[in-house]
Amino acid sequence: MRDFTRSAEIQARLHDLVPGGAHTYARGVDQYPESMAPVLVRGKGARVWDADGNEFVEYGMGLRSVTLGHGYEPVLRAAAEAAADGMSFSRPTELELLAAQDFLDLVPGADMVKFAKNGSDATTAAVRLARAVTGRTTVAVCDQPFFSVDDWFIGTTEMSGGIPAVDTVTFPYNDLDALATILASGTVAAVFLEAATALAEPLSGYLEGVRALCDRHATLLVFDEMITGFRWSAGGAQAVYGVTPDLSCWGKAMGNGFPLSALAGKREYMELGGLRTDRDRVFLLSTTHGPETAALAAFRAVVRAYRTEDPIARMEEAGRALADGVNAVAAAHGIADHLQVRGRPSCLIFRTLDAEGLPSQAFRTLFLQELLEHGVLGQSFVTSAAHDADAVADTVSACAEAARVYRRAIERGRVDGLLRGRPVAPALRRTAAPRRIEERTLP
Ligand SMILES: Cc1ncc(COP(=O)(O)O)c(C=O)c1O
């Protein structure tokens, strides 16, 4: 069995010093099998190493922020050179103009862009701008996993402690009638959605219909391109599906891990945050670190890579090979109805169903446990351009080992005796239970 002793020690100290023991809930220990949550020290390409010296093929890679691979040299070089000339000044740099030009070349539906650090900075700025433009307050969000760390969205989740009532309503994806009913109230400032997700593509005419409904009701249409940007295409979902939103919000892979996000959109709206308007000004986005040079230079190097290397083709190719390989392994073990790899090739997920064919956290945890044991770290099978044939082959081999154990659990109808520890639990939930951990006495 792999040794996770040192990781466990560091993790325990992290819990003493950092609430939740991680800086992102999705990175939390409760998202991993107990006693098997590696604390990482290094990454290169598609591989990472933990504090005990274990090597893993990694998936997801920084919550989907690293699409070119860890330690991708051209991005590192560009960022280091920029940083050496100073990172933050009292006035804009020319780099801000060049980065804005690069961005707007990629996203022709947008006329202006403003950079920040977190995706939530951008989505929350879009909410404020839409409210200022329309004079309305309600935000309509699609029933998709995540849009922001801020109150207007977290207030709609299970983890809404500390948040006063929010004016946010939810609508189902691919259902124009439901959205039409919501918009008919005349109170909606913005419609927020991811144009597509790993498992859900827009039905024919859906996005065009959303666009038309927003136009009819004078509501701003906002695409969240956090995941689709640089993964569906460099120009995001709007380039793939040919529907132009009023505003779009970007982040994640823009800097191949360097922190950068962006709010982009039509000039008539974005100018409300500028100096070329007679209307009341909107505090659009204004952050100390927004124009920091290393991340903007990293972004420009990412754009160059997307122009010259076709990383999306590489991540899709890896994804297709992986899905075929793992689904074949599941079929060979007679568990194809229970263990399935699905989704867009650049954004694969695995479905872990129990003996009755129902989604199961316990079976998911068993699969994660066996993947970790055999050198694969991932909450999904989201690939990067660095996932080469070796990484895919190693993962398929790990899945073959995992499938043997999974099959035993399916035959028994339960994971008892196979799963070591408690199952994982949803990242956003009301209580620490069922993965509460005991306080310990500080030395
Ligand atoms: C679709 C989507 N929108 C917005 C966000 C928020 O981005 P950030 O964590 O950079 O604030 C996320 C983060 O996971 C996301 O997946």
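A short reminder: the numbers here are calculations on the coordinates, not readings from a lab. These figures come from a predicted structure and were not determined experimentally. Positions of Cβ are generated from backbone atoms using ideal geometry, with glycine treated the same way; all protein chains shown enter the neighbour counts.
Among GLU158, GLU292, sorting on how many other beta-carbon atoms sit within 10 Å of each Cβ, with the fewest leading, yields GLU158, GLU292. Counting other Cβ atoms within 10 Å as a rough exposure proxy, the listed residues ASP102, ASP246, ASP324, ASP215 run ASP215, ASP324, ASP102, ASP246 from fewest neighbours to most. Diffusion coefficient of region 367-443 by Stokes-Einstein, Kirkwood radius over Cα pairs, 25 °C, 0.890 mPa s: 163 µm²/s.
Set against the 2.2 N^0.38 Å expectation for a compact globular protein, region 52-128 has a Cα radius of gyration ratio of 1.42. The residues packed around GLU201, meaning those with a beta-carbon under 15 Å from its beta-carbon, carry a net charge of -1 if Lys and Arg are +1 and Asp and Glu are -1.
Semi-axes of the equivalent ellipsoid for the chain, computed as √(5λ) from the eigenvalues of its C-alpha gyration tensor and ordered from largest down, come to 37, 26, 22 Å. Cβ crowding within 10 Å, taken as a proxy for footprinting-reagent exposure, orders GLU411, GLU370 from fewest neighbours to most as GLU411, GLU370. Projecting the Cα atoms of ALA239, ALA116, THR168 onto the dipole axis of region 73-308, where Lys and Arg carry +1 and Asp and Glu carry -1 at the beta carbon, places ALA116 farthest toward the positive end. Based on the Stokes-Einstein relation at 20 °C and a viscosity of 1.002 mPa s, and on the Kirkwood radius from alpha carbon pairs, region 73-308 is assigned a translational diffusion coefficient of 118 µm²/s.
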